[in-house]
Every structure is written in C-alpha cells, then in structure tokens.
1. Taking only region 79-103 into account, find how many residues are over 18 Å from Val134 (Cβ atoms) and of a type in the set (Gly, Ala, Ser).
2. Could we say that Arg96 is modelled with pLDDT of 90 or more and surrounded by 14 or more Cβ atoms within 10 Å (Cβ to Cβ) here?
3. If I ask for residues that are among the aliphatic types (A, V, I, L, M) and modelled with pLDDT of 85 or more, which ones from region 11-70 would you list?
4. In region 78-118, which residues are in a helix (DSSP H, G or I) and in contact with a His (Cβ under 7 Å, 6 or more places away or on another chain)?
5. Please verify whether region 70-77 includes one or more residues that are in contact with a helix residue (DSSP H, G or I) (Cβ under 6 Å, 6 or more places away or on another chain), assigned to a loop (DSSP other than H, G, I, E, B) and touching a residue at least 24 places away in the same chain (Cβ under 8 Å).
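The values are calculated or read from the model by the stated rules, or taken from the named source; none is laboratory data. None of the values given here were measured: they were computed from a predicted structure. Glycine also receives a Cβ, built like all others from the backbone with ideal geometry; neighbour counts cover every protein chain displayed.
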Amino acid sequence: MTNAPTSATVLTVRHLRSAALLALIAASACDKPNDLPRMQDELSASIQSYRARFEALEHRADAIEPRTHALPQDTAAASALHRLGVARATIDQSLRHLEQVPTMLPAWLSSTDARSHLQAWLDDERPKLEDSVVEATSEIEAVESWTAVAEQRAGAPQHAASSTPAAEPSPPTTRANDDPAPETDGSGAPIR
C-alpha cells in the first residue's frame, strides 16, 4: 500500500502544474499590448477601401444612366432603371454609413471599451459593406448587360431591312458557240 501516497502526490503535482500554466496564460492575456493603433489603422484602411469601391460603382452608374434613358422606354427599360435605382440607393446608403464612422471614432476611443467598439465594427460592418458592394455591382452589371442588348437591338432594324436572302449568283454566261469570252485588259479591248 505504499503506492497510494505516491500516486496522490503525482496527481497533486500534475494539478499544480496545470493550475500554474493556466495562471500564466491568464496573466499573459491580461498583459496584451495596446493594439488600438493597429485596429484604428485597420478601420481606416477598410473605410478608405470601401469608399473607393463605392465611388467606382457610383461612376459606373453615372456612365450607364444616360444610355438607359436614350433607349426606347418599355417594361424592360423600366426594370433596368429600377435596378439602377436600387444600386444607387445601396451605394448612397453605404457611403453615408462610411462617413459616420470618423465622427463616431473619438467617442469609441474615449470609452473604456474602445477595443470592443473597433472590433465590433471590423467584425460586423465589413461583411455588410462587402454584401452591399456585391449587390450594387450585380445590379449595375445587369443594367449594363440590358443596355448593351437593347442598343444592339435598336441597331438591328436597320440590318433587318436588308435581311432578305441574297439572290443566288447566276451561272456564268457563255457565248452561243461555247467559246470562252476573250480576256480583256480592263479597257474592254481583248488581249492578244
């Protein structure tokens, strides 16, 4: 029965080591370096990146809108204009949201929970903004596609008038005596 105290001692030492390791990990977690500057830089870079992407989409929408108005207005044109309106609304809403962040940033940084405010924005808002980029891009691409097809069709009636089948070429004519016609030099005079 001498093994029993030794086993208990080994288990106690193991528990003490585990507890010491956990305490060390917990202490190192509390001594995190101040990562607020890194998070601010990441937030600033995200805002600049998304602002540039939304502004590029806004330019695409500006470029396509006059082309859609120049085409015959029917239900397809109304649908395209609606989709363009959806894209513009998404772009405008996202740009307004991005403009608000710099005004809210000082309040976030002065709070005791600054890190969680910044992390929440990075974790929650970036995916929403990415979804908005995808939505606006999809809508604009649909309008660009419709416009290209509509412009092609608008040009098609000019080609449709000449779409009658071409007359088949007539067989070469031969002279009555089946002698081939003499070659000419372009002036009509035969070459001898």
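1. Counting residues in region 79-103 that are over 18 Å from Val134 (Cβ atoms) and of a type in the set (Gly, Ala, Ser) gives 2.
2. Judged against the criteria, Arg96 is not a match.
3. Matches in region 11-70: Leu36, Met39, Leu43, Ala45, Ile47, Ala52, Ala56, Leu57, Ala61, Ala63, Ile64.
4. Trp108
5. Yes - at least one qualifying residue is present in region 70-77.
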